[in-house]
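S.K.: The structure follows.
The values are calculated or read from the model by the stated rules, or taken from the named source; none is laboratory data. Model, not experiment: these values are computed from the prediction. Because the Cβ atoms are built from the backbone with ideal geometry, glycine has one as well, and the counts that use them run over all protein chains shown.
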Amino acid sequence: INENGSSSGFAFFIPRYDYLFNVFYRNGGDKEYFVRVSSPMNSLDYVWGTAVGYGRVEEILPGNGKTVHEFTTYKDVNYFPSPPQYPFAAELYPSWELGLPKKATVFDQYNQIKKINENKYDFTVTVLSDTAFKSIKLLMDAQYYGNTSALYLGPGYGNDTYYGLTGTALLDSTVEKIVSGADTVLQSTSFVYDSLNNLASVKKWVSKDLQKYIQTNIYYPYNYSITGPLKTLSDSGIIVKVAEEQWVKTPTSENLVSATITGYEVITGNKIKPKYVYGLRSDKPVPLSTIGAFNRFVLNRNSTLIPLVSTIERYDAKLVSLQVANNLTGDRQSVIWDDEHQISTSVISDAAYTEIAYTSFEGTNSGNWTVPSGQYNYSDAITGSRSFKLNGTISATVTSGREYVVTYWTTGAGLTINGVSPEKLTAKRVWNLYRNLLPSTTSSISIVGSNVTIDELRAYPADATMSSSTVDFFGNQTSGSSENNKIAYTEYDDLGRVRLREDVEGNIMEMNCYGQAGEKVNCNIIYKNNVISRKFVQTNCTGGNIPDTVLYTVAAGTYTSTVNQYKADSLAMNAGMANGPAYANANGGCGIVYAKLSYEDIDVDQNEDVVVKFYSDVACTKPRYVQNLQVVTGVNNTCETVPDDTHTANGTQLVIAYSVTRDYVKTECDPPGFPCWNFDCHVDYLLKPGNYVIK
């Protein structure tokens with residue numbers, strides 16, 4: 001929405017639903033037709049997933065002000081496409097210039113500006129005019145005939161040629177203004193790109209008065225002239241960040257305050273991955289004269305100040321990092337990786353990958369355990385959505401030399417593992433936590449059980465620590481278990497936002513509720529469903545009778561939710577879908593309409609409304625909805641003849657006459673006005689036969 005209240009929306013292309021079509025005859029009499037179609041003839045290209053854009057959007061947070069977002073439009077890039085013409089060739093345009101965040105203004109609840117962020121871009125557009133990029137679109141726009149329409153000679157085609165476009169949209173600078181009363185803090189950042197349009201440096205001003213700024217330099221494989229993996233990456237055109245340095249600069253000094261360098265190695269075959277990470281280690285900024293400038297002929301120009309920090313020691317077959325060593329402390333960290341959800345399900349400190357095993361029996365990856373085929377229990381699990389019923393042996397191979405801890409949750413007694421008896425640590429609900437401490441000579445672990453329900457199975461060195469988690473289909477963490485096997489659960493709403501956090505006993509530790517704009521609101525609000533109505537068709541009619549369509553309604557306020565309005569309405573809708581079919585069968589009349597005439601709403605003058613009501617049952621207790629039903633009524637008048645009348649009914653009742661006087665006196669006189677006689681008249685309304693049963 002614009003500031004004046006008008007819509008800021010715009011269509012990237014206006015769809016065309018018409019075109020001209022010609023028919024030519026050899027002997028003349030040509031005809032031109034104007035053709036309309038139901039689908040756009042021209043291509044409606046999309047930008048950021050939509051064919052319609054908005055130049056200004058207000059994000060309103062009730063009670064917390066609002067944020068006004070402004071985006072680049074045709075006006076910003078001075079691009080105004082001409083209307084498409086037949087045959088509607090692809091209208092190429094710089095889509096990369098549209099829909100970019102241009103400005104964001106934050107207002108407080110009193111509509112006062114608190115912060116403004118502004119972005120500026122550098123755009124380039126290049127027309128690929130080489131004939132290799134020339135394209136043409138053909139569409140039939142004519143038909144040719146001989147002297148008669150019976151002699152068809154062939155079609156004619158319209159054509160349109162066009163060339164492709166390419167270009168860039170690079171963020172040139174940003175300015176952030178923070179407003180506090182009469183004071184404004186201004187912070188600007190500029191960006192520099194190399195000849196390949198990759199970000200080369202970022203300059204963030206600390207003080208323009210002192211000409212002091214922080215400059216971040218980024219280096220890629222092609223910035224180096226050294227052999228090995230970096231040369232292979234450069235020759236292959238692979239763009240990855242190799243190094244990043246952060247300098248504090250003034251007119252008289254340059255000091256390095258941060259540096260990270262990644263060393264790449266051939267992992268297997270011709271696959272190159274990060275192997276070594278170097279980092280600046282200094283308790284004070286390092287002058288340029290000490291560290292030296294960037295040297296393209298070496299990866300690390302000063303291994304004393306920029307030592308080796310960590311080494312990735314192990315990848316899996318899909319080149320996921322499984323084990324990292326800290327070269328400064330000697331510690332190792334390993335993970336159990338879930339390929340299905342692309343997330344680590346267990347993190348282990350101070351242990352190698354060959355020294356660990358973990359599974360919660362959730363997916364196909366058993367986390368270094370060998371699990372036999374068996375039955376899963378979906379009705380109860382200490383973590384995740386299922387546990388495992390063990391009938392056989394679960395085993396793992398580990399590296400000997402350290403004592404090992406095996407922990408697991410079970411609904412029964414503990415298990416003897418490798419001849420070592422279990423130690424019960426705690427019990428939660430029907431689950432018991434056990435630990436078995438295995439000697440340093442252990443090289444394999446075997447867990448044997450018969451009809452044992454087991455979950456959250458861990459094995460790791462006794463002086464290491466392990467934490468674990470389970471995730472749902474969308475990758476959201478549903479449970480987490482700490483190093484001490486303390487378990488917590490997380491629930492989400494329909495939009496994937498954290499709704500509840502509970503401990504293993506189900507006690508709520510955190511509850512979040514959200515308003516319509518996504519803001520957190522008071523969870524004590526109870527949402528009630530709106531009225532929900534849906535039509536259902538009978539399924540119990542026999543003998544060729546036509547089934548009725550019956551309206552089933554869930555009254556407003558029947559269902560409640562503490563989550564949100566959508567949840568309350570969903571409960572009502574689900575109830576309607578579950579109960580509607582049975583309601584239709586019970587209340588439908590299989591095409592039979594029962595009609596009953598009555599007099600209602602008698603006023604003080606004894607005037608009455610004549611009403612016909614419709615029912616689906618013989619006893620006339622279940623109102624029936626009719627549509628376009630023709631109802632014929634007659635009138636018995638003791639004093640005069642009244643013709644029959646036909647009415648169209650829609651709904652459950654029909655009023656055929658309002659405020660009718662059924663008893664009156666009629667006076668008739670002979671010419672020239674006397675003598676006169678008075679007659680007592682009475683009127684009765686009645687239903688005449690039709691597509692209904694008269695009751």
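S.K.: Only one residue in V320, V347, V309 is assigned by TED's automatic domain parsing to the domain that holds T465 and surrounded by 14 or more Cβ atoms within 10 Å (Cβ to Cβ), so which one is that? Working first, answer last.
M.R.: Values: V320 fails: assigned by TED's automatic domain parsing to the domain that holds T465; V309 fails: assigned by TED's automatic domain parsing to the domain that holds T465.
The unique qualifying residue is V347.
S.K.: Filter the range 543-566 down to residues that are farther than 30 Å from Y492 by Cβ, surrounded by fewer than 19 Cβ atoms within 10 Å (Cβ to Cβ) and in contact (Cβ under 8 Å) with a residue 12 or more places away in the chain, then give me how many there are. Walk me through it before giving the result.
M.R.: Filtering the range 543-566 down to residues farther than 30 Å from Y492 by Cβ leaves 543-553.
Okay, now just the ones that are also surrounded by fewer than 19 Cβ atoms within 10 Å (Cβ to Cβ), so 543-547, 549, 551, 553.
Okay, now just the ones that are also in contact (Cβ under 8 Å) with a residue 12 or more places away in the chain, so 545-547, 549, 551, 553.
Number of matching residues: 6.
S.K.: Starting from the range 406-423, take each residue that is free of Cβ contacts under 8 Å to residues at least 40 places away in the same chain and list its partners that are of a type in the set (K, R) and surrounded by fewer than 20 Cβ atoms within 10 Å (Cβ to Cβ), counting only C-beta distances under 8 angstrom and pairs at least six apart or across chains.
M.R.: G414/K424; P422/R435; E423/R435
S.K.: Please report, ordered by residue number, the strands (runs of 3 or more DSSP E) entirely within the range 587-653 with at least 3 residues that are among the hydrophobic types (A, V, I, L, M, F, W, C) and either out of contact with any helix residue (DSSP H, G or I) (no Cβ under 8 Å at 6 or more places or on another chain) or closer than 19 Å to P689 by Cβ (or both).
M.R.: Values: elements: 594-600, 608-615, 626-637, 642-651.
By residue number, 608-615, 626-637.
S.K.: Quick check on the range 239-251. Is at least one of its residues farther than 20 Å from F191 by Cα, without any contact (Cβ under 8 Å) to a residue 24 or more places away in the chain and of a type outside the set (A, V, I, L, M, F, W, C)? First the steps, then the outcome.
M.R.: Filtering the range 239-251 for residues farther than 20 Å from F191 by Cα gives none.
No, that holds for no residue.
S.K.: Looking at (1) modelled with pLDDT under 85; (2) under 30 Å from Y692 (Cα atoms); (3) of a type in the set (K, R), can you tell me which one R534 breaks?
M.R.: Every listed condition holds for R534 apart from (1).
S.K.: Here is a further query. How do the strands (runs of 3 or more DSSP E) wholly within the range 145-223 filter down when requiring 1 or more residues that are out of contact with any Pro (no Cβ under 9 Å at 6 or more places or on another chain), closer than 24 Å to V257 by Cα and not assigned by TED's automatic domain parsing to the domain that holds T262: which remain?
M.R.: Details: elements: 152-163, 165-180, 183-193, 199-207, 212-219.
Strands (runs of 3 or more DSSP E) meeting the threshold: 165-180, 183-193.
S.K.: Pick from S400, S344: which is closer than 24 Å to S321 by Cα and assigned to a strand (DSSP E or B)? Quick ask: steps written out before the conclusion?
M.R.: Working: S400 fails: assigned to a strand (DSSP E or B).
Criteria check complete, one pass: S344.
S.K.: Taking into account only those residues within the range 492-519 that are among the charged types (D, E, K, R) and farther than 26 Å from N64 by Cα, which is modelled with the lowest pLDDT?
M.R.: Checking each candidate, the answer is E505.
S.K.: Could you pull out the residue among T441, T426, T453 that is in a strand (DSSP E or B), assigned by TED's automatic domain parsing to the domain that holds S481 and surrounded by fewer than 20 Cβ atoms within 10 Å (Cβ to Cβ)? Show your work before the answer.
M.R.: Details: T441 fails: in a strand (DSSP E or B); T453 fails: surrounded by fewer than 20 Cβ atoms within 10 Å (Cβ to Cβ).
Selected residue: T426, the only one of T441, T426, T453 that is in a strand (DSSP E or B), assigned by TED's automatic domain parsing to the domain that holds S481 and surrounded by fewer than 20 Cβ atoms within 10 Å (Cβ to Cβ).
S.K.: OK, next. Inspect the range 378-392 for any residue being closer than 19 Å to N484 by Cβ, polar (S, T, N, Q) and in the same structural domain as N484 (by TED's automatic domain parsing) and give the result as yes or no.
M.R.: Looking through the range 378-392, at least one residue is closer than 19 Å to N484 by Cβ, polar (S, T, N, Q) and in the same structural domain as N484 (by TED's automatic domain parsing).
S.K.: Restricting to the range 416-450, give me the number of residues that are farther than 30 Å from G330 by Cα, polar (S, T, N, Q) and in contact with a Leu (Cβ under 8 Å, 6 or more places away or on another chain).
M.R.: The qualifying residues number 3.
S.K.: From G506, G480, which residue is buried (at least 16 other Cβ atoms within 10 Å of the Cβ) and small (G, A, S)?
M.R.: Details: G506 fails: buried (at least 16 other Cβ atoms within 10 Å of the Cβ).
Result of the check over G506, G480: G480.
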